[in-house]
Amino acid sequence: MKVLIVDDSADIRSLIRVILESKGHTVAGEAEDGPSALKAFAELRPELVLLDIIMPGMSGVEVLEGIRKLDPEARVIMVTAVEQDRVNRRLLLLGASGIIYKPFAPGDFEKAFLTALHRKPLNSSRNEGITRLAAGGLSRCMLRTADVSSWAWELSDLSVFSGKISDAVKLAAFGPTVGAVQVNLRGGAPFSAAMIFRSLDIKFIAGCFVDGPVYRVSGMEVDEALIMEIGNIILNAMTSPLINALRKSAIPSVPMLVKGGPGAVTAGLSSCLDPELEYTVISASLAMRRDGRLARAGALCFLPQELAGEIERDAEQAGPPQ
């Protein structure tokens, strides 16, 4: 893959170059500030841009806006030490394909690339309403979740694109075994959603509530019950704004915890949808941080394209958010 690296630190650029080239990627060019980044993007047309946020003069957010004007379908992954939900949400609404946090590990790039590249972007005018609703619901949920736990919760990536149920195999690649909380909705707004955790993180994430200000539990095996509750809350935060926008009733299934690989997640998502059809897919990545430790989880939603079209038409009529 041809990548443009943008960072004001020569040491960081060199480190990222070594990581990318060791994985078989090609560094098309480097830039140390905003103006040179925009010039390099226009000349090189890389497949993907790795972009720092905090740079002298023109910020990474401004560069992202400039790149999106040059190419609305550009794939830009932010590389930053900034862990503020407000900043993350703005980046996602501006079209960032993902966020990698400093200090980073080599595997962080491959995971971010997987999410950014294994998708077919929709025309930007068709997904703004869905992105705004899903990002808004999840951002508010992350703030509330942080309030009732002992961790910092962040929405670190959100993408809306076109795909099939089989694409969940790639998007759910959190490890050979995962735990997925799944909800299927029927009625006037049929779609499927799943919250995906790496199996090795389940106890880790559940502990943020057990040791938090709301739950005070000791000596009990509550990990899986809490994971189901956490997953259900987050999925509701993502899907409820979509259901409300459709003004239709939906009957959710009882949340189900599935253990297995990505194939098990795909099977659960297919239970009320036709696996051969194209859907509008919402893919979100969440990060949980505490005492220097990090856990990640993912949320997926497969929405029939006719329903996605209804949401976008209503969003267009309502005009831009105030």
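A short reminder: the numbers here are calculations on the coordinates, not readings from a lab. Being a predicted model, the structure only gives us computed values, none of them experimental. Counting neighbours? That spans all protein chains shown, and the Cβs are built from the backbone with ideal geometry, glycine included.
Structure summary
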{"read-out": "Charge dipole of the stretch 122-318 about the Cα centre (unit charges at C-beta), most positive-ward option of Leu277, Ile202, Ala237", "value": "Ile202"}
{"read-out": "R0 of 35 Å, Cβ-Cβ distance Ile12-Ile233: FRET efficiency to nearest 0.05", "value": "0.45"}
{"read-out": "Inter-centroid distance (Cα atoms) of the stretch 240-273 relative to the stretch 124-172, Å", "value": "15 Å"}
{"read-out": "Qualifying GluC sites (Glu not before Pro) for the stretch 243-322 [loop in DSSP, other Cβ within 10 Å: at most 16]", "value": "Glu276, Glu278"}
{"read-out": "Sparse-neighbourhood loop sites, trypsin sites (Lys or Arg not before Pro) in the stretch 225-322 - DSSP loop, at most 12 other Cβ within 10 angstrom", "value": "Arg247"}
{"read-out": "Residue list for the stretch 152-195, given a label point 7 angstrom along the Cα-to-Cβ vector of Glu73 and an amide N cut-off under 14 Å", "value": "161-162"}
{"read-out": "Magnitude of the charge dipole, the stretch 235-312, Cβ model with Lys/Arg +1 and Asp/Glu -1, debye to 20", "value": "620 debye"}
{"read-out": "Within the stretch 122-318: Cβ-based charge dipole about Cα centre, in debye rounded to nearest 20 (Lys, Arg +1; Asp, Glu -1)", "value": "280 debye"}
{"read-out": "DSSP-loop trypsin sites (Lys or Arg not before Pro) across the stretch 1-65, with at most 14 other Cβ within 10 angstrom", "value": "Lys23"}
